[in-house]
Every structure is written in structure tokens, then in C-alpha cells.
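Presented below is the structure to which this report refers.
The values are calculated or read from the model by the stated rules, or taken from the named source; none is laboratory data. Quick caveat, the model's predicted, so the values are computed rather than measured. Glycine gets a Cβ as well: all are built from the backbone with ideal geometry, and neighbour counts include every protein chain shown. Ligands, DNA and RNA are excluded from the accessible area calculation, which covers all protein heavy atoms including side chains. Shrake-Rupley method; radii C 1.70, N 1.55, O 1.52, S 1.80 Å.
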Amino acid sequence: MPKMLETSYIWKNKEIIPWNEAKIHVMTHALHYGSAVFEGILCRMTNKGPAIFRLKDHVKRLFNSAKIYKMEIPYTEEEISQAIIELVKINKIPDVYIRPIVFRGYKELGVNPLNCPVEVVIGAIKYVEYLSGADEGIKVCISTWRRPPSTSFPSIAKDAGKYALGQLIKMEAIERGFVEAIALTVEGNISEGSGENIFVVSNQVLYTPPISDGILPGITRDSVIIIAKELGIEVKEMSIPRSFLETADEVFFTGTWAGITPIVAIENVKIGDGKIGPITKEIRAVYDEIRFARSKKHMEWLTFIQF
Ligand code: PMP
């Protein structure tokens, strides 16, 4: 990913401050124990001006993540949504990846986070493609790291701690020459990538793992399920054994930053004919139509910004 993606301003605890002044103390609880929850939200230039995709749903998930970790956010969902809008406006860049983060600051150094203050920061960087080669399709591997069961880790929270495992999954993939990896559950079913949900097409049916298989309930995943159903495609949320991937007709990743990325080979086994499949193509076309406001479909998913 290229450097120099900085924007001009950061929102921190209700104040807009210059990018270079947005600093935290080295004894911040979150730095030592990963006591943070965050979101990744996209604003893109559309046919009708810049628009944030599913802002309300991202903010809701942020509050849900915070609730699981007993972090009381000192703002309402509406205030955080407005702060995000304000930040995009003041930075005046239409295509940005927005990163609100709620974290425990410094008060004490023990594991117990409850006495540490809850701080909220919102930053944004200029948008760039996340997975290189996403348009034509990528080759991925199966990670040797497994996603823990929901009895060990709350997968539905987008917490910083989760990304320690995400980093191991990603580094292993890169070291083996792949862009990304698919992690399995402890039982050996498909879970998700380091930062993406996964879908499998077999015999015209769209399969995706359930929330109980260690996945983050992705907002792109939810959008894809809705779009597929509207296109008359049958969708099944169920545990998927690894072997099912190899005989699949199509496989793709979904994520705010990753978009809808076709997977054309897994561990050097070609998926389908090794090119983006027709169902992936169809769903991606509708998803793009919606997020770039090229049609009137699901306009409720877009929050337009006026600079
Ligand atoms: N799983 C993980 C682990 C992720 O980090 C992400 C990215 N937020 C996703 C799935 C996809 O979620 P979303 O579509 O909401 O971006």
C-alpha cells in the first residue's frame, strides 16, 4: 500500500485537531492489552457526490462491540455519525477510508480495563485498493491458524485484539506468496479471511458461514445476502467444510475495504475456470450500482456528504 495517505484532520473526543497533533500516551491501556474496538467505513465519490456506505450500520456495530467490552461511549450513535460526517467534510476528500476507534486510555496498568477512561478518535485516510488484483481475482491459501470458537473470543465484536490473530493469518499468507488466506474454525470449517468474509457458489446456490463459525458479521456480507436474495439467488448460511471449496464453482471475499473480491485459486487449486464467475459478477455489479448511486436501489444505504 502506498504511503502518504494522510488527511488533514482527526476528530478526537469532540475536537477537530490537525493530523500531526493526534497523539496518545505510551501507557495507554489499549496499546498494552488491545482494549479497543473500531470500525472501517468507506466514503466514495458517487454519481450524486461523495457518500458514506451504510454509516448507521457501522456505528451500530461499533456500539455493539463497545458494549461487549463494557466500554461506555460518552456519545450517542447519532453524535458519532455526525462526527464522522463532519470529519469527511472538513478533510474535503471524497474517497476516504474512515476509522473510528474507541479505546481505553491510561489510568492504571493492570489487565482490568474498567477504571481506564474510554476515549474516541476518528481518523480517515485516502482510499486505495486493499487487496491487489481484486478486480480480476486473487489466489489465496488456507491458513494454519484457526479462528477460535465463540466461547473463547467474541467474534461479533470488531475488537483490536482479534487482529493479533488476523496479523498471523496475513503474514503467513504473504510469506507463502499469497495476497490473503482463509482461516478455518477449530473443527475445520471455513471461517473468514484476516479482514474479509467469504462466500461460496455451488450449483447456483450461495453459501456463507454462520456467525457461530468465528466470523465478524460483515456489513458487506449483509449487503451481499440482501442483493443475492433480491436477484432470486438462494442463500444458505451454514457451516462449510474445507473440501467444499475445492469443488466450488465460485468463491469470493467481501469487506468494506476489500469490496467483492473473486478468489480464483485456493492453494493452487483452480476454482471453476479460474476466472471471475457469473454469480460473483452479477452481485458485484449490483453492489457497485448501489454504492456508486448509479441506480435508485437501496438509497437508504448512502449518506451523501456536501463539501
Ligand atoms: N471479517 C473481518 C475479520 C474483518 O476485519 C472485516 C472488515 N471489517 C470483515 C470480515 C468484513 O466486514 P465489513 O464488510 O463490515 O467490512
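At-a-glance table
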read-out: Hey, E21 under 17 Å from I122 (Cα atoms), open to solvent by 100 Å² or more (accessible area, probe 1.4 Å) and either modelled with pLDDT of 95 or more or not aliphatic (A, V, I, L, M) (or both) or not; value: yes
read-out: Sole residue being of a type in the set (D, E) and modelled with pLDDT of 95 or more, chosen from E180, E136; value: E180
read-out: Matching strands (runs of 3 or more DSSP E) fully within region 187-266 where at least 3 residues are within 14 Å of the ligand (Cβ to nearest atom); value: 190-192, 197-202, 250-255, 259-266
read-out: Residues of region 133-156 satisfying the condition of being more than 22 Å from E250 (Cβ to Cβ) and either among the aromatic types (F, W, Y) or in contact with a strand residue (DSSP E or B) (Cβ under 6 Å, 6 or more places away or on another chain) (or both); value: W145, R146, R147, F153
read-out: Single match in I182, I174, I169 (criterion: free of Cβ contacts under 8 Å to residues at least 24 places away in the same chain and of a type in the set (A, V, I, L, M, F, W, C)); value: I174
read-out: Boolean, I156 is within 11 Å of the ligand (Cβ to nearest atom) and surrounded by fewer than 18 Cβ atoms within 10 Å (Cβ to Cβ); value: yes
read-out: Qualifying residue in region 224-239 (condition: more than 18 Å from I283 (Cβ to Cβ) and of a type in the set (A, V, I, L, M, F, W, C)); value: yes
read-out: Complete set of residues in region 65-82 that are under 18 Å from I98 (Cβ atoms) and assigned to a helix (DSSP H, G or I); value: S65, A66, E77, E78, E79, I80, S81, Q82
read-out: Filter pass, E119 being in contact with a Lys or Arg (Cβ under 9 Å, 6 or more places away or on another chain) and surrounded by 18 or more Cβ atoms within 10 Å (Cβ to Cβ); value: yes
